[in-house]
């Protein structure tokens, strides 16, 4: 990532490092394509010695995003096996996601 404004946000039980213009995939959010979403659970804003670290969140910090698309990830094969017991289970899984474009970061 470049040296411009960066932030770490929390959504869907995960943390993401973002910067303006980046597109990230997060757990599925209930929003239409083109909708604006604002995250106020910002854990860190800035870079280097100018970074503000929250406890747990940075007060007044916001990250503005726009929904680009919804989709499903690659197929994963889940295979369970117990030796000598004739136990085998095979299942597939595709996780739903929402692609977000980061519009702005404000501290």
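Any read-out appearing in this document is the output of simple, stated calculations on the displayed coordinates, not a laboratory observation. Since the structure is predicted, the reported quantities are computational estimates derived from the model, not experimental observations. Here the Cβ is made from the backbone with ideal geometry for all residues, glycine too, and neighbour counts use every protein chain on show.
A compact table of results
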item	result
Single match in 31, 35 (criterion: loosely packed, with under 15 Cβ neighbours inside 10 Å, touching a strand residue (DSSP E or B) at 6+ places or on another chain (Cβ under 6 Å) and under 30 Å from residue 94 (Cβ atoms))	35
Lone qualifier among 59, 22, 55, 50 - being closer than 16 Å to residue 5 by Cα and free of Cβ contacts under 8 Å to residues at least 24 places away in the same chain	50
Candidates 70, 93 - the one that is surrounded by 10 or more Cβ atoms within 10 Å (Cβ to Cβ) and in contact (Cβ under 8 Å) with a residue 24 or more places away in the chain	70
Residue match in the stretch 4-14 (condition: surrounded by fewer than 14 Cβ atoms within 10 Å (Cβ to Cβ) and either touching a residue at least 60 places away in the same chain (Cβ under 8 Å) or over 25 Å from residue 69 (Cα atoms) (or both))	yes
Wholly enclosed strands (runs of 3 or more DSSP E) of the stretch 1-97 bearing at least 3 residues under 18 Å from residue 107 (Cβ atoms)	7-11, 14-18, 42-45, 62-72
